[in-house]
């Protein structure tokens, strides 16, 4: 058995697989969700239900010097009781490949409807947050974040 030829063909296979993966990444481009796609994603979740303002606080930087790690904190005003609580919070962005960035589920046992994360933003874009209350009401807020150095290779 020739170990050298087996190692060589294994390395060649790995090299070809890596090149194929790279080609897929390069040819797929950087598709970005549009404002219409964000609206469609929201409509898919909630149809034409009225989105009210208020109750939702979205804490994001006005300018993100590095789009790789943009901190986002959302907090929803709610007593978080069995009769009145936040069921879910959804965060959308109109410049990311997928419009729905993250979703959080809450119960009265959480005590507080708040969450923090970091997201990658490739470019300046709008971040939209929707809170779904236990009574079916929806609350919306948004913020524009200016990105000076892209987080997705920009």
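Key figures
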read-out	value
Exposure proxy ranking, count of Cβ atoms within 10 Å, fewest first, for 129, 110	110, 129
Euclidean distance between Cα centres, the stretch 55-95 to the stretch 103-154, Å	4
DSSP-defined antiparallel bridges as percent of all bridges, the stretch 31-154, nearest 5	90
Relative contact order (percent, whole number), the stretch 40-133, Cα cutoff 8 Å, 6+ residue spacing	33
The stretch 68-123: Cα Rg divided by the 2.2 N^0.38 Å rule of thumb	1.29
Using alpha carbons only: equivalent-ellipsoid semi-axes of the stretch 35-147, gyration tensor based, whole Å	24, 16, 11
Model label zone, residue 144; criterion: amide N under 17 Å from point 7 Å along Cα-to-beta-carbon; scope the stretch 56-86	60-65
Residue order, fewest to most surrounding Cβ atoms within 10 angstrom, among 53, 78, 103, 134	53, 103, 134, 78
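Values in this text are rule-based calculations from the coordinates and carry no lab data. These numbers come from a predicted model, not from an experiment. Virtual Cβ from ideal backbone geometry, glycine too; neighbours counted across all protein chains shown.
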